[in-house]
Amino acid sequence: MTDRAGRGVARRGGAAAAGRLAGPVGPAVTAQVDTAPEAVAPDILTEIFRRFHEAEPEPKGELHYVNPFTLLVAVVLSAQATDRGVNLATGPLFAVADTPETMLALGEDRVRDFVRTIGLFNTKAKNVVALSRILVDQHGGAVPASLEALQVLPGVGAKTASVVLNIAFGVPRIAVDTHIFRVSNRIPLFIGATTDKVQAGLEAIVPEPYRLHAHHWLILHGRYTCKARKPECPRCRIADLCRYPSKTTA
Ligand code: SF4
């Protein structure tokens, strides 16, 4: 189904409305999809990103890293973990290993010791060492700037690859996490029942000048303003443009 602008539109009664969303989005998000009206028109979409840009021209993520390799490791470690928790572990880890070669030399047992405060640390330690080995053996110790090469690395899916491409290589991909999924369906920018659909939709409709930073703007907006349980609508910079029917009041 498409709206007047030819964009995909999920209406009530679909999988989302039936509460059947699965995967990386939680049940708290489904209710918002139920009540979302049609997506905003292209001129409103542009104005929304103009305001995000005006407020923060160069948005930054919150994971700490010093080069593309440490960014890749930090993103792999951040699955189902907070950025703050990851940063606490990676500070000491990156102080002793900030290249694939030094990570490989450190070995899985020592890497595990550094990251044991992070959820799923056993698997993540194994993946970090395994991906380091592949980078050394197949990519000359460099992080490849290609979606195909990145997403076959252990622990690196399409979302992680998109984040690394965006931040390290300036590729305008919009990896959709739970925050972006919620925000996109609420305003709505693009309505989709899965994170993959929302990513494809946003990458197709976000105006090119804003596409590179859209990922960070939307994550930060979801994390600090358009929060899952109680969005802070009274102080939201795009409240007059947002169509979410359950906006909060002061
Ligand atoms: S007005 Fe409320 S629901 Fe809409 S984007 Fe802002 S915080 Fe989110």
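The helices (runs of 4 or more DSSP H) falling completely within the stretch 117-201 that include 1 or more residues that are modelled with pLDDT under 95 map to 158-169, 178-186. Does A250 satisfy the criteria of being assigned by TED's automatic domain parsing to the domain that holds P37, under 15 Å from the mean Cα position of the chain (by Cα) and within 15 Å of the ligand (Cβ to nearest atom)? So A250 does not fit the description; no.
Within the stretch 167-193, residues that are assigned by TED's automatic domain parsing to the domain that holds A39 and in contact (Cβ under 8 Å) with a residue 12 or more places away in the chain sit with their Cβ atoms under 6 Å from residues that are within 11 Å of the ligand (Cβ to nearest atom) and among the hydroxyl-bearing types (S, T, Y), at 6+ positions apart or across chains, in these pairs: R186/Y244; F190/S184. With respect to (1) buried (at least 21 other Cβ atoms within 10 Å of the Cβ); (2) away from the ligand (no atom under 16 Å from the Cβ), the lone exception for A149 is condition (1). Within the stretch 222-247, the set of residues being of a type in the set (A, V, I, L, M, F, W, C) and more than 9 Å from the ligand (Cβ to nearest atom) comprises just one member, A228.
Looking across I167, I174, I219, one residue alone is closer than 21 Å to S78 by Cβ, more than 16 Å from the ligand (Cβ to nearest atom) and in contact with an Asp or Glu (Cβ under 7 Å, 6 or more places away or on another chain). It is I174. If you go through the stretch 107-125 and keep only what is touching a residue at least 24 places away in the same chain (Cβ under 8 Å) and either within 15 Å of L72 (Cβ to Cβ) or in contact with a Phe, Trp or Tyr (Cβ under 8 Å, 6 or more places away or on another chain) (or both), you end up with V115, K124. Specify the residue that is farthest from the chain's Cα centre (by Cα); the eligible residues are those in the stretch 192-237 that are surrounded by 16 or more Cβ atoms within 10 Å (Cβ to Cβ) and among the aromatic types (F, W, Y). The selected residue is Y210. Within the stretch 239-250, residues that are hydrophobic (A, V, I, L, M, F, W, C) reach partners that are more than 8 Å from the ligand (Cβ to nearest atom) with beta carbons closer than 6 Å, at six or more positions or on different chains, in the pairs L241/I44; L241/I48; A250/P234. Within the stretch 95-106, the residues that satisfy the criterion of being without any contact (Cβ under 8 Å) to a residue 40 or more places away in the chain, assigned to a helix (DSSP H, G or I) and under 20 Å from P144 (Cβ atoms) are T102, M103, L104.
The values are calculated or read from the model by the stated rules, or taken from the named source; none is laboratory data. Computed from a prediction, not measured in an experiment: that's the story for all the values here. With ideal geometry, Cβ positions are generated from the backbone for all residues, glycine too; neighbour counts draw on all protein chains shown.
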